[in-house]
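Chemist: The following block contains the structure, expressed as structure tokens.
The numbers here are math on the coordinates, done by the rules we state, and not lab data. The model shown is predicted, which means the values in this text are computed figures rather than measured ones. Cβ placement follows ideal geometry from the backbone for every residue including glycine, while neighbour counts extend to all protein chains displayed.
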Amino acid sequence: MQKKVKKIKLPGTDIEVSPLGLGVWQFAGGHGFNKYIWSKEIPEETRNDIVKAALDGGINWFDTAEAYGGGRSERNLASALKANEVKDEEVYIADKWMPMMRFAGNLKKTIQKRLEALDGYTIDLHQIHQPYSLSTTRAQMNAMADLVEEGKIRSVGVSNFSKKKMIKAYDALKDRGLSLVSNQVHYSLLTRTIEKNGVLDTAKELGIRIISWSPLEQGTLTGKYHKDPSLLKNLTFIRRRIMPNIKKKTKKSMALMEAIEEIAKAHEVTPSQVALNWLINFHGDTVLAIPGASKVHHVESNVGAMYFELSKDEMDRIDELSRPLNKMK
Ligand SMILES: NC(=O)c1ccc[n+]([C@@H]2O[C@H](COP(=O)([O-])OP(=O)(O)OC[C@H]3O[C@@H](n4cnc5c(N)ncnc54)[C@H](OP(=O)(O)O)[C@@H]3O)[C@@H](O)[C@H]2O)c1
């Protein structure tokens, strides 16, 4: 039975998504470069159950990318949706094109592969994964607009775009009669850069949604490493020491985590639910988040973030404790 959650409209579309989506980078784990981040492949049955738990918990959209295993994440997502007998019109899919060392023309050349990997599921939002194409932002947006007109994708977003590039993308799409739906960026209680570099304020002003990636800092904000630092040794070197540097972030966020634990207890919820709830509510409806999961219980728990309210005092207390931590990288 699907629970009722509020829905957020994506600008310029009739797409209405839950405040949380499910990020499925993890569905490419154990292969290629991805194994340096997500060391193990998630078994098929678990992937199917993760998707089921997301849907049962009220999530109606999924975030994947070409770069997540060169189609592996897209294929595994489609297969998990099929295993759960989910029809195309029952869910939304956000995909991403990897622009590195590529011109905008490649978007059109590779779209068929993306559609094949998604095996009949529509690309409701197609995003430029990084701001590093060999073509201009305008050329990329024109290629995306062509794909919308050809009916290959339904709407357009960007990812990791600066304020300046985000405005360029917005203007170029506007000239084609389309809205820039979203900018997917690293945003969490431990990474609040977009509040300082103009991305968040501009997104609010132009009505662009922010999609927060790594909203739990890859598990840091669940409090599990604060409670039991011996778990750090199970992480790959990249996650532990480089990106997001869970070891350093755990050490520096003790006071914040204690407050989150206290607030979680008062609401009879978990710390990760509090961290996600803050993220999707502190800025009204601007921020959506796509926590990933490698176990069914992760998503079963995380969806709970959509079902309670933090008081203004609680929001502000978390805000104050989190702000000073954002000097760190
Ligand atoms: N656009 C971009 O450049 C970009 C970059 C990064 C990610 N993304 C997208 O954003 C999504 C989310 O980011 P992310 O996966 O990097 O970080 P995240 O959502 O902050 O963390 C997900 C990881 O945290 C742990 N976790 C989650 N919920 C938990 C819970 N309730 N209890 C205990 N542990 C829990 C799990 O780690 P373990 O697996 O270690 O247990 C899980 O794999 C990705 O799947 C991807 O779709 C986009």
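Chemist: Identify, from the list V5, V24, the residue that is touching a residue at least 24 places away in the same chain (Cβ under 8 Å), within 19 Å of V287 (Cβ to Cβ) and either surrounded by 19 or more Cβ atoms within 10 Å (Cβ to Cβ) or more than 11 Å from the ligand (Cβ to nearest atom) (or both). Spell out the reasoning first.
Modeler: Numbers: V24 fails: within 19 Å of V287 (Cβ to Cβ).
After applying the criteria, what remains is V5.
Chemist: So which residues in segment 99-130 are under 19 Å from V181 (Cβ atoms) and within 16 Å of the ligand (Cβ to nearest atom)?
Modeler: If the condition is that a residue be under 19 Å from V181 (Cβ atoms) and within 16 Å of the ligand (Cβ to nearest atom), then P99, R114, L118, Y121, I123, D124, L125, H126, Q127, I128, H129, Q130 are the ones that fit.
Chemist: Go through segment 179-199 and count every residue that is in contact with a Gly (Cβ under 6 Å, 6 or more places away or on another chain) and hydrophobic (A, V, I, L, M, F, W, C).
Modeler: So the answer is 1.
Chemist: Out of G207, G219, which single residue is among the small types (G, A, S), within 14 Å of the ligand (Cβ to nearest atom) and within 25 Å of V287 (Cβ to Cβ)?
Modeler: Working: G207 fails: within 14 Å of the ligand (Cβ to nearest atom).
Unique residue meeting the criteria: G219.
Chemist: Out of (1) in a helix (DSSP H, G or I); (2) near the ligand (Cβ under 10 Å from one of its atoms), what's the single condition that is false for H226?
Modeler: Of everything listed in (1) in a helix (DSSP H, G or I); (2) near the ligand (Cβ under 10 Å from one of its atoms), H226 misses just condition (2).
Chemist: Can you pull out every residue in segment 277-297 that is near the ligand (Cβ under 9 Å from one of its atoms) and in contact (Cβ under 8 Å) with a residue 24 or more places away in the chain? Before you say what the answer is, go through the steps one by one.
Modeler: Let us first name the residues in segment 277-297 that are near the ligand (Cβ under 9 Å from one of its atoms), namely 289-295, 297.
Correct list: A289, I290, P291, G292, A293, S294, K295.
Chemist: Next up: Suppose we filter R138, R192, R154 for residues that are of a type outside the set (S, T, Y), more than 16 Å from the ligand (Cβ to nearest atom) and in contact (Cβ under 8 Å) with a residue 60 or more places away in the chain; which single one remains? Explain how you work it out, then say what you get.
Modeler: Values: R138 fails: in contact (Cβ under 8 Å) with a residue 60 or more places away in the chain; R192 fails: more than 16 Å from the ligand (Cβ to nearest atom).
Among R138, R192, R154, only R154 is of a type outside the set (S, T, Y), more than 16 Å from the ligand (Cβ to nearest atom) and in contact (Cβ under 8 Å) with a residue 60 or more places away in the chain.
Chemist: Quick check on segment 131-183: of everything there that is of a type outside the set (A, V, I, L, M) and touching a Phe, Trp or Tyr at 6+ places or on another chain (Cβ under 6 Å), which residue is farthest from K108 (Cα to Cα)? Before the answer, list the steps.
Modeler: Restricting attention to segment 131-183, the residues satisfying the condition of being of a type outside the set (A, V, I, L, M) are 131-133, 135-138, 140, 142, 146, 149-152, 154-155, 157, 159-165, 168, 170-171, 174-177, 179, 182-183.
In the following step, the residues that additionally are touching a Phe, Trp or Tyr at 6+ places or on another chain (Cβ under 6 Å) were identified as 131, 135, 183.
Values: P131: 18, S135: 14, N183: 21 Å.
The selected residue is N183.
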